[in-house]
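Everything on this sheet refers to the single structure shown next.
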Amino acid sequence: MRAVLYRNLEQGFVASELTDLHGQVNQADLFAPLIAEVQRTHRELQKTINSGSDSAAGSETFDAIPLLGGKVICLAYCWWGAHARTWSRC
């Protein structure tokens, strides 16, 4: 499981604003459609992101939680994710 933070400081998607414990997230562009949807709806969202040719090994399911500031402005999104293989062991 990992936590990812997207700082929503500009219009549109900015890959460098998507970070985790180790810094900028690799393949940040995979998150762009999900971030766009949360920016539009301002609601929690759960989606699976597939990276790589092996969809089972390269898929992570994320829960996006908008972090709202004053006047319902979304300041950031917190993403909690886990690889599919982690869930299959439960």
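Assessment of region 26-38 against the conditions (within 18 Å of P66 (Cβ to Cβ), in a loop (DSSP other than H, G, I, E, B) and either aliphatic (A, V, I, L, M) or within 11 Å of the chain's Cα centre (by Cα) (or both)) yields no matching residue. The residue of region 35-71 that is modelled with the lowest pLDDT, among those that are farther than 16 Å from E10 by Cα and among the hydrophobic types (A, V, I, L, M, F, W, C), is A56.
The values are calculated or read from the model by the stated rules, or taken from the named source; none is laboratory data. The shown structure was predicted, so the numbers you read here are calculated from the model rather than taken from an experiment. Here Cβ is always computed from backbone atoms with ideal geometry, including for glycine, and neighbour counts include all displayed protein chains.
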